[in-house]
Amino acid sequence: MGNLVRIKEKYQVTIPATLREKVDLHPGDYLEASICRGGILLRPKRVTDTGEKRSSILDFFNESRPLTRSREEIDAALEAERSSWD
């Protein structure tokens, strides 16, 4: 049998400590709420700050790396490849 919790005035509920500990929930964590078999299912969700990832990806692309071929060599190789398609 499940744990009985009461809905407070602002639709808040307290998740019993035994359940919080089993799924490692902490204040500030996020839960995904969905309807499941006529009830409400709460699933822990880990949220990642995409701003940090985006900046690290931009840093990666903005790194100065030496070119192995000049622009002219790349253009010539592309032209040769395209001409082989005819």
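A few points about this structure:
- Residues L4, L41, sorted so that the one with the fewest Cβ neighbours within 10 Å comes first: L4, L41
- Burial ordering of T68, T14, fewest other beta-carbon atoms within 10 Å first: T68, T14
Where a number appears in this text, it was derived from the coordinates with a stated rule and is not lab data. Since this is a predicted model, take the numbers as computed values, not measurements. FYI the Cβ positions are ideal-geometry reconstructions off the backbone, even for glycines, and counts take in every protein chain you see.
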